[in-house]
């Protein structure tokens with residue numbers, strides 16, 4: 001019985017990220033892109049989002065993470081540099097290569113984007129009762145702690 005419940009919970013849990021992505025991220029990304037005074041594609045925006053989360057990165061690492069070909073990455077980064085959204089900096093460890101980092105303009109843009117995501121999630125959850133929100137919050141904190149502890153355990157194996 002417990003194994004069946006764990007199996008169902010695991011299946012439910014793995015189905016949540018794509019649902020959240022579809023319900024929130026795509027809608028908010030489109031809104032953010034529409035409000036921006038500059039025209040960039042969703043691929044450009046995903047590069048900016050990744051740099052916002054990870055900090056300075058090498059273009060090949062960005063391409064790997066987002067599954068974008070090297071030739072396309074060069075064009076995408078060139079456009080972002082041209083728009084003043086990212087900067088190329090010489091890698092201190094290997095002066096032959098460059099790292100990509102966000103400009104202050106892009107950091108401000110991403111902070112506004114994050115606030116829109118929080119607002120969208122709040123709007124989606126507004127239909128829940130206070131008890132449901134409280135139970136969800138408790139469950140999510142437990143899941144977060146569980147996965148954080150699991151990740152910490154993995155670092156020592």
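Quick notes
- Considering residues of the stretch 22-37 that are part of a helix (DSSP H, G or I) and surrounded by fewer than 11 Cβ atoms within 10 Å (Cβ to Cβ) only, the residue modelled with the highest pLDDT: 22
- Residue among 115, 67 that alone is without any contact (Cβ under 8 Å) to a residue 12 or more places away in the chain, under 15 Å from the mean Cα position of the chain (by Cα), loosely packed, with under 13 Cβ neighbours inside 10 Å and over 30 Å from residue 10 (Cβ atoms): 115
- Qualifying positions in the stretch 86-109 - in a helix (DSSP H, G or I), modelled with pLDDT of 85 or more and surrounded by 12 or more Cβ atoms within 10 Å (Cβ to Cβ): 105, 106, 107
- If you go through the stretch 73-85 and keep only what is in contact with a helix residue (DSSP H, G or I) (Cβ under 8 Å, 6 or more places away or on another chain) and exposed (fewer than 15 other Cβ atoms within 10 Å of the Cβ), you end up with 74, 84.
- Scope the stretch 118-150; condition assigned to a loop (DSSP other than H, G, I, E, B) and surrounded by 10 or more Cβ atoms within 10 Å (Cβ to Cβ); matching residues: 128
- Some residue of the stretch 1-12 being farther than 23 Å from residue 120 by Cα, at pLDDT 80 or above and not in a helix (DSSP H, G or I): yes
- Taking the conditions (1) under 22 Å from the mean Cα position of the chain (by Cα); (2) over 29 Å from residue 74 (Cα atoms) in turn, residue 138 satisfies each one other than (1).
- Residue, farthest from the chain's Cα centre (by Cα), within the stretch 44-64, restricted to residues that are loosely packed, with under 15 Cβ neighbours inside 10 Å and more than 21 Å from residue 92 (Cα to Cα): 64
- Residue 51 at pLDDT 75 or above and touching a strand residue (DSSP E or B) at 6+ places or on another chain (Cβ under 6 Å): yes
The values are calculated or read from the model by the stated rules, or taken from the named source; none is laboratory data. Keep in mind that what you see is a predicted model, and the values were worked out from it rather than measured. As a convention, Cβ positions derive from the backbone with ideal geometry for all residues, glycine included, and neighbour counts pool all protein chains shown.
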